[in-house]
Every structure is written in structure tokens, then in C-alpha cells.
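A.B. asks: One structure coming up, written as C-alpha cells, with questions to follow.
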Amino acid sequence: MTPRGDTASFLNALRDPKRAKRLLGAIKELTAEPVAIMEVCGGHTRTIVRYGLEQLLPKEISFLHGPGCPVCVTPRERVDMAVALAQKRGLVLATLGDMLRVPGSSGSLLQARASGCDIRVVYSPLDVLALAKQNPKKTVVFFAIGFETTAPTTAALLERCLMEGIQNVKVLVNHVLVAPAIEALLKEDGSRIDAFIAPGHVCTITGTAPFEPLASSYQKPFVVSGFEPWDILLGLHNLLGMIANKETGVKIAYTRAVLPQGNPKALSFIERFFDVRESFRWRGLGNIPKSALRLKHEFSAFDAEKAYAGVFSSDSKPDPEACLCGEVLKGNAKPSECGLFGQACTPQDPVGACMVSSEGACGIYFRYKGRVPA
Amino acid sequence: MCLAIPSKIVELRGPGLAVADTLGTTRLVSLDLLEEPPSVGDYVIIHVGYAIQRLDPKDALETMDLFLDLLGTDDDA
Ligand code: SF4
């Protein structure tokens, strides 16, 4: 027998159809009324679609795919800013791979790179540090996107720069906060969301605190779940139990990776380097108050937004009208409802950001489309 | 962006760096965001090259099977 501590056997257990079946049985017993559950995170959407979970569950349970895809929610004008920076001489723009294909007003970063801009794909902010050391005469600008999970990694990069006296790194900060976006969805007229599967790794950092006020103000149950099929089913089981008991609040089903208080060290990194913007525009969701981070004034030396304020133009084009990304990100439409899906819009040649990312609903449906109900 | 698969620390490389093994693929990861530095053999969750939490797969597996026992549905043969 494989040793129990081994990663592979652990993953097999989390994907084991037999165990899943037993949990599915318990879920069926708890299902009564129709219930619409939003899984906030794109990682959850991927598991649900990839393993065809919706088809295995009672028809009363439906999933609304949420806005938890950082690439998808980064609006066009921020991509335009990155493209404008990349066109500067003596500058290296570093970005995570998925951002490369996101369409901007005048093309994507991929197109900018093809036209000769120095754009490097990095896997981690750690690579940015290495790039800066290898290119001491150039400024390396990191196009930083992502939620609370990623913000501390950007902060840790800057901390290393300070410690090692590296002065040729700047960051274009686009970090966003999940809870204000969830609140924006709950405030929409006719919101259909009954309960939430809360994002696992965001909560690894933040703990349950950002979601507690939402649960109590809007009287909704939240369960923090992991990313394997077992985790989603366990989260669902907890949620249905809460619904049956008319409970609200935030529970953690992903106990192996999430503590109620989160990761205090990572939170202290966020606190030290960032403060909250008055407002930030999300793709599809529009302006949301207090929903994003920016560098604190004392760290302006790292702030690409300040250093290059002159190169950004303010005439970004709106997203193409036929693209339903906005409605997809709010859980109001499934990708297959978009007329362009799989035809004019594919991962190779995306019209909207939701098709680009491996965490975007359109990209996920495209990749696993055989498993999506018509 | 999220790498949900537990990765095993196989080598510590100061300062604040380690080599982690994710299902046979190894890479350099930062330990800057961990409250306490892990030891070789510990499992962590990695997000864009940073270990963000330690976890214990063995413990998690036991919790899972305990939960199934409590559910009291059919035993897996
Ligand atoms: S399929 Fe493409 S065009 Fe349609 S909503 Fe998705 S990203 Fe937008």
C-alpha cells in the first residue's frame, strides 16, 4: 500500500468516486428546495465543470459561477496601462502568463511583445527579483494582479527589494478584494444567490473575517471550501445543512488549509505595503467602492502608476458589446449563452478575458465542454 | 494561479527559500509568508511561488474518513 502521507494517494482519496458517492448520498438526503449556490472562485468552477459535479447532484442544486478569476476581472484600462509601460524603452514588463492574451484597447501584451516590447512571463514575483538582478540597467515593472492570496506575495517581493537594496523594481498594482465584489452582487436587484462557497486560498490568507459581516448583513451561509471534488461536495454538504437549519455565518470545510484567523504574517505584509483604493473598476462589475489595493504613499518609489503617470492615456475602449463576460462574472449567464462562445471567441483568439484564463468560466467551459449540459 | 496540490519541502535554501516537490516537479519557493519556517518533509500550499500555509495530508485524510464514518452511509468494501 502507498504510504498515507504521500501526495498522490492523498489526491486519489480526494478524487475517489467511492467516497464521493457516499457524500453525494448524504447531499441528496439534505436537498429539499431548489437552491442557487455561487462558487466564488474560478478554481472551484474548474473542479465543478471538470468533474461534471453539477450532473451528479440533485437537479435542485445549481451553481452560479462567481467573479473569482483575477485575470477576468482586471479591466481593459489596466491592460492598456501595462501595454503603454511595455512600450517604454529600457523597461522590462513582467507578467503572469494568463495576462498576456487579455485583449486591451489596442491589442494584448502578446501583440505588444510581437512588435518588439520586452515582456517576460513570470511564474512568481520571485522571478521578478531575479530579472531585476539580471537587468541592473533596466527597470523591471511587475504587472501585479490577483486577490488577497496574491497581494502578500507582491508585498513580500517589495520587502526583499528593500532588504537587498534592489532599486530597479516597480509594480503596477491591480490587487483586488473579494468581499466588496460579493457585496456588490448581493446588492444587485433580483440577486438569486442563496449561499456561497467561499474562496479557499483567499481565506487561507484572510481567514473568515471579510465574509462574516456579509453573512450577517445579508443573512446568507458561507462555507470555505478546497479545490478537489471531495472539497466541493463537503462544502456543499455543509451549506445544505446550514440552509436546512436556517443558519447564516461562515464555516470552514477546508480545514486542512484554512484557519479562522487566516495567515497573520501574510496579512501583516498586506497591511504594511498597501492601503485600500476609494474605488476600482472591475471588468463586468463596474466601479466597486473600497474593492482594491494600492501601494501606500511611503512606498511610492515602487509605484509604477506614479512613476509613469504621464504615459497612461485615459481613452480606453469599452469591452465589445457582444461579449457577455460581465454577466458571466456575476453568475447571471453561462458561457454557452454567449453567441461568440467557441466560435468567434476561443482561448487561442479570445474576445473577452473570461475566455483567456484557466480560471475564467468561458475558458473552463471551452476546455471541458463535453461535460457541460447543453 | 492557485496550486491546490500539497507540495513537499525537500530542501531548505536560506534565506527564506526552499525547494518544494509537487508530484515530482521541483521548484524554488519562498517561505517569507509562513509564520514559522517549515522543516524538510513538511507539506505546504504554494501560490505563485510562495508557500502560504502548512498542511498535513495524513491528518486531512483521517479527518475525511472519520467524517464518512460519522455519515454512517455504506462502507467502502
Ligand atoms: S465566450 Fe468570449 S465573448 Fe462570450 S462572454 Fe465569454 S469571453 Fe466574452
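A.B. asks: Are any residues in the range A:328-355 among the hydrophobic types (A, V, I, L, M, F, W, C) and near the ligand (Cβ under 8 Å from one of its atoms), and if so, which ones?
C.D. replies: A:VAL328, A:ALA333, A:CYS338, A:LEU340, A:PHE341, A:ALA344, A:CYS345, A:VAL351, A:ALA353, A:CYS354, A:MET355
A.B. asks: Residues in the range A:220-273 that are away from chain B (no Cβ under 12 Å), basic (Lys, Arg) and either under 22 Å from B:ILE5 (Cβ atoms) or part of a helix (DSSP H, G or I) (or both): how many?
C.D. replies: Number satisfying all stated conditions: 1.
A.B. asks: Inspect all residues belonging to the range A:107-122 and state whether any of them is among the hydrophobic types (A, V, I, L, M, F, W, C), under 30 Å from A:GLU164 (Cβ atoms) and in a loop (DSSP other than H, G, I, E, B).
C.D. replies: Yes - at least one qualifying residue is present in the range A:107-122.
A.B. asks: Okay, next question. Can you work out which of the residues in the range A:220-278 that are open to solvent by less than 60 Å² (accessible area, probe 1.4 Å) and of a type in the set (Ser, Thr, Tyr) is farthest from A:ARG22 (Cα to Cα)?
C.D. replies: Out of the qualifying residues, it is A:THR248.
A.B. asks: Also, I was wondering about something else. Does at least one position in the range A:102-110 carry a residue that is over 21 Å from the mean Cα position of the chain (by Cα), in contact (Cβ under 8 Å) with a residue 12 or more places away in the chain and crowded, with 24+ Cβ neighbours inside 10 Å?
C.D. replies: no
A.B. asks: I want to confirm something. Restricting to the range A:143-153 and keeping residues that are open to solvent by less than 10 Å² (accessible area, probe 1.4 Å) and more than 9 Å from chain B (Cβ to nearest Cβ), which single residue is nearest to A:LEU91 (Cα to Cα)?
C.D. replies: Here the answer is A:PHE143.
A.B. asks: Only one of these is part of a loop (DSSP other than H, G, I, E, B), more than 8 Å from chain B (Cβ to nearest Cβ) and either touching a Phe, Trp or Tyr at 6+ places or on another chain (Cβ under 9 Å) or among the aliphatic types (A, V, I, L, M) (or both): A:ALA20, A:ALA36, A:ALA32. Name it.
C.D. replies: A:ALA32
A.B. asks: Among the helices (runs of 4 or more DSSP H) confined wholly to the range A:279-365, which include 1 or more residues that are surrounded by 14 or more Cβ atoms within 10 Å (Cβ to Cβ), touching a strand residue (DSSP E or B) at 6+ places or on another chain (Cβ under 6 Å) and assigned by TED's automatic domain parsing to the domain that holds A:ALA86?
C.D. replies: Answer list for the range A:279-365: A:304-307.
A.B. asks: Of all residues in the range B:34-52 being in contact with an Asp or Glu (Cβ under 9 Å, 6 or more places away or on another chain) and buried (at least 23 other Cβ atoms within 10 Å of the Cβ), which is farthest from the other protein chains (Cβ to nearest Cβ)?
C.D. replies: B:ALA51
A.B. asks: Being without any contact (Cβ under 8 Å) to a residue 60 or more places away in the chain, under 21 Å from A:ASN135 (Cβ atoms) and not in a loop (DSSP other than H, G, I, E, B) is the filter here; which residues of the range A:79-98 pass it?
C.D. replies: Within the range A:79-98, A:VAL83, A:ALA86, A:LEU91, A:VAL92, A:LEU93, A:ALA94, A:THR95, A:LEU96, A:GLY97 meet the criteria.
A.B. asks: Just checking, does the range A:15-32 include any residue being closer than 29 Å to A:THR150 by Cβ, crowded, with 19+ Cβ neighbours inside 10 Å and modelled with pLDDT under 95?
C.D. replies: No, the conditions are met nowhere in the range A:15-32.
The values are calculated or read from the model by the stated rules, or taken from the named source; none is laboratory data. Owing to the predicted nature of the structure, the values given are computational and were not obtained by experimental measurement. Cβ coordinates were reconstructed from backbone atoms using ideal geometry, including for glycine residues, and neighbour counts include every protein chain displayed. Accessible surface areas use protein heavy atoms only, side chains included; no ligands, DNA or RNA. Shrake-Rupley method; radii C 1.70, N 1.55, O 1.52, S 1.80 Å.
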